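Visitor: Take a look at the following structure, please.
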């Protein structure tokens, strides 16, 4: 057999016919020569030839690809039967599509975030370097790196090929008014070796370029080069202005390179996750390098030598860290250790658990979908028995029967799977848009074929198992009996009915678990949003400000700028009050320090640490953070060393005493002390989930940075105010960049964006599961009502009232729902420990939420039962009895 | 069509291809002639069923051992002629060797001495 012949079978057949004809003629001619009459000659020839038709058929079959041939026929048959029941077909295909689509999309996301190797050479060698200072562990479990320690590690490590430390910032590019704000990362020259990349144009940083004075060179990221410099191939050697300083462009990175930045986990502002646009060398001054307990500020990444394990590297670096610790002067004695962890783990961070929960949830949804399909097909199978019986009576073989039963389901699986894949392709970009920003370094994920394959396989398995059932039933079926009538068959369907009930129960169980989990997360989110934050976000407008570093390189200039902006804002008609702060509420915290109560001579490292912020007069009034003692900062305090502390700080530093009037220094013993003028309430300004740690508020005339934020309480609010705020800032200095103006309410909502994202997805899954479970119940009950039509008719005829019929149907339908609900709640409780850490002030065993989840399912169940019940009651008793 | 012993047919099925190829050594022939030659050559012991002949011919053609063309028969009728190809000749030699080995082997087993 050849494909060639397969496609020209008709022609071949015609030829065979000719050939047979010529044979007949030859034979007849021979017979004629033997002296027969022409008729006899032809008759004999025919006899000799035998069944010409059989020869043709045999050749036709010989030229056929049997599998293709019968598959084509099956396809046509399946299409015909499926289009005859469009409702069933649509439900089945859509259920499969939603299940497969959602599972594929979530799996793709999870695979991308958790499993896909980072897009660098030998990504397994990349580790994040962090330090642990036991004394700070209560506020900072791990710290970014210290420059001095980095330098020491880099000079001495033998297990690490290359290491780099980085810091990020948002800086104006170019000169003139409202310059473009770009994200700049400063990195030590090891950067290129660590990530295993080199610029596509130009060169990486040299080892000399990390020295102050030689560091005015920049490597552009591909995107910035394309958009801002028009892909200028002669860009090398040109001068650009960053932060007001001149830099020479020495390179352009390849487009494929994306820098994952897990820099500061406390920083949750809006530009986290914004892609890096320009790289400049990190130049540590001699003084900074000499500070052995200076700032822990730098994001460190290293590449291990091939063959070195994480344990070996950790051991070596910790030994180095110990040497540093031993050499520390007495007043800075801290307990140091180092923590090297796989970079990927650090990047995924807190997102791991929610993602896994989403994966489990979506798998649950797929499971419910598959069970629903099985259920649909089973009920259909009972209907098909008659048809199969006819086929069996006409002599169809067992294999044919099974194939008959399977072909539709296979078709459904393929159609649903295809549609599901399309859905996933559409869903993934949408999900990516709503994905937590800290994960956006990944770029847009693409459909993962492993995930799609898994989902497809599962759906196929479910449909095929369901499809086998009718064939299996037909196997034991006596065709004569099956054909004798419907009446006999209702009894033999009992097994399948039991199976269908079990399936519905299981569907309900999975749905309850999903609904319960969603309910718990929703309750957490509601509680989190309604918790007493301690400050009032209503009608407060905020603006973040980045000042160009060169023009504002001294404190006087910065203080003057903020002061003049506040004055300009104060002149606006709609403004009630305004203030400046180093970090807006819920935007994390970057300034940790230790306060020393006057008279305390403990070593610096043993002092408790506080979160520091600098504020202007008016800030506390603007966000309405209440005072418990003393007074707020006022303009008349200008220049004085005064400060506000939180209740927590007051109680810890001066237990049992009135904090107002007490004095402290910032760790030192000789500097001029600060006097506490007021105590403010403990609020939730670092993160909503936790009461603030110790807070200290310093006046902005003591410290003001180039990055700050404005808070403005307005009488009207709204978008017009946003423009007014911008104009007021630019009226003072048009070079100041204002990356973001938004309401404080929006800032609060942003801080729970991750939770919101997870919850929205879960809600979607839970709702889909509910719908499917409802459909399942509806299907089973409707079927059973139709089967019991005669019985119900009889009951009605004998005088049963409608209420008792409703009870009958509801009891029948709600049994699996009730059992499934209980099983689902038990399953959810069993998983309590997993979900517990994602909840906020809600117990995973919360009775109200559990009760509501069961209630929702029961309500759906009742609804799904009522429709068929109404139909049952509407039955005309005579009609029902007559159908026998 | 006379009913034949089942074993005859089985026998033929294995060797028909080989015999067809052998017939074509003497020159191109059409289906009827091929059947005739085999029947005559076997002193009418073997009867070639058309139901086997044409599928066999097509099979041989698919494998490239024979080629076919339409021509005029001895009686000047249109007929499909089959010709042995080079590959067909090689195949024939292979099959003939195999056949000889087989018959020798069977002969050895069955023996010459009387079975009485």
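The values are calculated or read from the model by the stated rules, or taken from the named source; none is laboratory data. Keep in mind that this is a model prediction, so the values were computed, not measured. All Cβ positions, glycine included, derive from the backbone under ideal geometry; neighbour counts span all protein chains shown.
Visitor: Between a residue in the range A:212-223 that is exposed (fewer than 14 other Cβ atoms within 10 Å of the Cβ) and any residue that is assigned to a helix (DSSP H, G or I) and at pLDDT below 90, which pairs come within a Cβ distance under 6 Å, given they are 6 or more apart or on different chains?
Guide: Cβ pairs passing all conditions: A:214/A:208.
Visitor: Read through the list (1) more than 17 Å from the chain's Cα centre (by Cα); (2) farther than 30 Å from residue A:17 by Cβ; (3) surrounded by 10 or more Cβ atoms within 10 Å (Cβ to Cβ), then give the number of the only condition that residue B:106 fails.
Guide: (3)
Visitor: Something else about it: Would you check if residue A:158 is assigned to a loop (DSSP other than H, G, I, E, B) and at pLDDT 80 or above?
Guide: Spelling it out, residue A:158 is indeed assigned to a loop (DSSP other than H, G, I, E, B) and at pLDDT 80 or above.
Visitor: Same structure, new question: Those residues that are modelled with pLDDT under 75 and surrounded by fewer than 23 Cβ atoms within 10 Å (Cβ to Cβ), I need them from the range A:362-388; list them, please.
Guide: Of everything in the range A:362-388, those that are modelled with pLDDT under 75 and surrounded by fewer than 23 Cβ atoms within 10 Å (Cβ to Cβ) turn out to be A:379, A:380, A:382, A:383, A:384, A:385, A:386, A:387.
Visitor: So which residues in the range A:151-169 are under 14 Å from residue A:210 (Cα atoms), in contact with a helix residue (DSSP H, G or I) (Cβ under 7 Å, 6 or more places away or on another chain) and either surrounded by fewer than 20 Cβ atoms within 10 Å (Cβ to Cβ) or not assigned by TED's automatic domain parsing to the domain that holds residue A:299 (or both), if there are any at all?
Guide: If the condition is that a residue be under 14 Å from residue A:210 (Cα atoms), in contact with a helix residue (DSSP H, G or I) (Cβ under 7 Å, 6 or more places away or on another chain) and either surrounded by fewer than 20 Cβ atoms within 10 Å (Cβ to Cβ) or not assigned by TED's automatic domain parsing to the domain that holds residue A:299 (or both), then A:151 is the only one that fits.
Visitor: Now, a different point. Output the residues belonging to the range A:744-761 that are over 30 Å from residue A:106 (Cβ atoms) and surrounded by fewer than 21 Cβ atoms within 10 Å (Cβ to Cβ).
Guide: Within the range A:744-761, A:745 is the sole residue that qualifies.
Visitor: Another one. Output the residues belonging to the range B:60-87 that are at pLDDT below 90, in a helix (DSSP H, G or I) and either in contact with a helix residue (DSSP H, G or I) (Cβ under 8 Å, 6 or more places away or on another chain) or more than 14 Å from chain A (Cβ to nearest Cβ) (or both).
Guide: Correct list: B:60, B:62.
Visitor: Sticking with this structure for a sec: Checking the conditions here, which among A:398, A:352 is surrounded by fewer than 21 Cβ atoms within 10 Å (Cβ to Cβ) and over 30 Å from residue A:521 (Cβ atoms)?
Guide: Of the residues listed, the single one that is surrounded by fewer than 21 Cβ atoms within 10 Å (Cβ to Cβ) and over 30 Å from residue A:521 (Cβ atoms) is A:398.
Visitor: With respect to residue A:575, is the statement that it is surrounded by fewer than 21 Cβ atoms within 10 Å (Cβ to Cβ) and touching a strand residue (DSSP E or B) at 6+ places or on another chain (Cβ under 7 Å) true?
Guide: Answer is no for this residue.
Visitor: While we're on this one: Quick one: count up the residues across the range A:428-454 that are at pLDDT 70 or above and farther than 30 Å from residue A:587 by Cα.
Guide: Number satisfying all stated conditions: 5.
Visitor: Residues that are at pLDDT 90 or above and in the same structural domain as residue A:359 (by TED's automatic domain parsing): list the helices (runs of 4 or more DSSP H) wholly contained in the range A:790-876 that include at least 1 such residues.
Guide: A:802-830, A:847-873
Visitor: For the range B:30-59, name all the residues that are at the interface with another protein chain (Cβ under 8 Å from one of its Cβ atoms) and in a loop (DSSP other than H, G, I, E, B).
Guide: B:49
Visitor: Just to check your reading of the model, which residue among A:761, A:688, A:770 is in contact (Cβ under 8 Å) with a residue 60 or more places away in the chain and outside the structural domain of residue A:428 (by TED's automatic domain parsing)?
Guide: Exactly one residue qualifies, and that residue is A:688.
Visitor: What is the one condition in (1) away from every other protein chain (no Cβ under 11 Å); (2) part of a helix (DSSP H, G or I); (3) in contact with a helix residue (DSSP H, G or I) (Cβ under 9 Å, 6 or more places away or on another chain) that residue A:36 does not satisfy?
Guide: (2)
Visitor: Ok, one more. State the number of residues belonging to the range A:323-349 that are assigned to a helix (DSSP H, G or I) and buried (at least 16 other Cβ atoms within 10 Å of the Cβ).
Guide: The qualifying residues number 7.
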